[in-house]
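Throughout, read-outs are computed from the coordinates displayed, never taken from laboratory work. Quantities reported herein were computed from a predicted structural model and do not represent experimental measurements. We place every Cβ from the backbone using ideal geometry, glycine too, and count neighbours over all the protein chains shown.
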């Protein structure tokens, strides 16, 4: 159930290159490799500037659970994209997709979230 | 030489009531009683917003030396009043005038400084 | 050919515009009744009706400016405390909006003049959502969608949200601007509203500065100085985002 | 009598103004060539000539965004990194100045169009002092009096002060705005200048938001995570103003 998948979706990322609201993404240089975390459990969505932040936990196939952190665009950019602070609630089980930080482990630049109802929301 | 004088200069303060750049002065409620510290030695002028800050030491008549802190208007208001960051240098001997903080000891809202050359500069 | 036509039209209309502007500024008439331009505090006035409810009284009693006043760490205070500040502000009138740009904390307000209402999803903010209407030569601004904030330096709380709103009335007489703020907040105010009137002077040839404020060197933003500084330090650090291992 | 005269004059001139505006907006002509309005990033382009000197190379190697990037603690970044941000900005043309208002970090820039030079005493700031001139239909802005700041997220340093300046060229074609930034900084740039071109799209009916940023909850502003967190904590606290006893 809980599978970390690495995919290459180059065409998709061309479209999303401009989504980085604040810093140009130099801390998340590899945008061709997407990390997919199924069965992530939401802890908190910090809906703030200059960057939002998604805190969640994820258990790997060996049963090891750890806290993860996802970086999002700032709240003004989220608002403009129709993503509001009620996007997720604590305890929600979701799939988080994103790109790895170049030095901090378990830190992603989140590109989309698959909500409990199956809808996938692209994040700016 | 080093005398702390308490003066009442009500007329002067009417003119200067609007000088509080940021907060209305509720932490320095008694503006009729001015504290005058002669022979203060400048440590540092922090020329910043929302409030500047003057750090200096002062020795009382009993020879006891202590660090004092003066609150100023923010740097944008100081600029507008023609008071620049080179107003004083570390080591300058000056007279500091101001109003006492309502709870923090050795903390003044600075109203003016008498510079080493004898000029008195009113602070906004 | 079409391009030529529009170029001609542009030149002609530019001439008309120049004539129009010349007429409007004869004897300074346009400026004398206009909100447009730079203004600086003349008189801060004082509050009328700022009577706290019991719950507001509790908030006031517990208020500590070094931790409870966001402006101490360079976060813009909300409407009235910004309007109260000493640095000048500028008003720019456009057809669809009136901009009010305060030097203090670089606060930019956009007052909607085209009747556009706040969208349902609009998040609350320290400047809220403002709609302006002219009542004679008086500009009336209603602001809603405000975040909870402070009405004065003593920490008088404003509730924000849907039940609380602030009405402003702007009136120019010559080089004097009077602004009346009326606050409606059933949670914190005993009476129906609290009001305060500021007057400003016109500031010709004003020069505005960027309001640089860095929380690292902002004065006043400190740990509360109590008897247990270590506990306070830890408490303060808890307010900051945690550091992932 | 005199008042009546001016009222009439006002009415007449208002009518002329309305006609003028109607003519100007025929076929959207005025809008097509005007900088005025809201703009949003289309293409960020990339740097040309951003070659560090030896001293700049050392600064780059030591750069840590969690402590070295002021925007992480809600302090507005300077010109180019603000222009690079995703939120839109608004340009308002007046006779004496052109305002550029970025939603990002509420940055307000005033470009002097009346030839007024920076006074000698003007302190440096992250937006500096800007003077604009029209060269044909291109607006050229020269900015000096800038504080030292970062040119990109990797920490490329800009020296500020008297020897460093930034030139911008704004050109509108239909609903597209091209802005070329040229940076002169002998301390940090190997060559004569570095350039970057951004393009923006016109954003009709733009809605702007207040950029609320509180260093207490800003993400990314953290202690550097090294092997000695206690030392880092103390080092970090040293950056803050001291607490008087």
Other copies of residue B:115: label-to-label distances in nm, shortest first, labels 7 Å along the beta-carbon direction = 6.4
Apply 1/(1 + (r/R0)^6) to the Cβ-Cβ distance of residue D:48 and residue C:46, taking R0 = 51 Å, and write down the FRET efficiency to the nearest 0.05.
-> 0.30
Ordering of D:108-120, C:144-156 by burial proxy (mean other Cβ atoms within 10 Å per residue, highest first) = C:144-156, D:108-120
Residue A:104-residue D:55 FRET efficiency (beta carbon distance; Förster radius 41 Å; 0.05 resolution) | 0.90
Let me know the whole percent of all Cα-Cα pairs from the stretch D:87-152 that are separated by more than 18 Å.
-> 41
Here the tail fraction of P(r) beyond 30 Å, over all Cα-Cα pairs of the stretch D:35-211, rounds in percent to 15
So what's the Cα pair-distance distribution over the stretch B:54-124, bin width 10 Å, in %?
-> 18, 53, 26, 3
At residue D:175, label 7 Å along Cα→Cβ: distances to the other copies, nm, ascending?
-> 4.6
How many Cβ atoms of partner chains, on average, are near each residue of C:122-128 if near means within 10 Å of its Cβ?
-> 4
When Cβ neighbours within 10 Å are restricted to other protein chains, what is their mean count per residue of peptide A:47-56?
-> 6
Taking a label point 7 Å from Cα toward Cβ, how far is residue C:120 from its twins in the other copies, in nm, shortest first?
-> 6.3
Could you sort B:66-79, C:41-54 so that the peptide with the highest average Cβ count within 10 Å comes first and the rest follow in order?
-> B:66-79, C:41-54
Which semi-axis lengths, in whole Å and largest first, follow from the square roots of five times the eigenvalues of the Cα gyration tensor of the stretch D:42-88?
-> 22, 18, 7
Exposure proxy check: A:108, C:216 ranked by fewest other beta carbons within 10 Å?
-> C:216, A:108
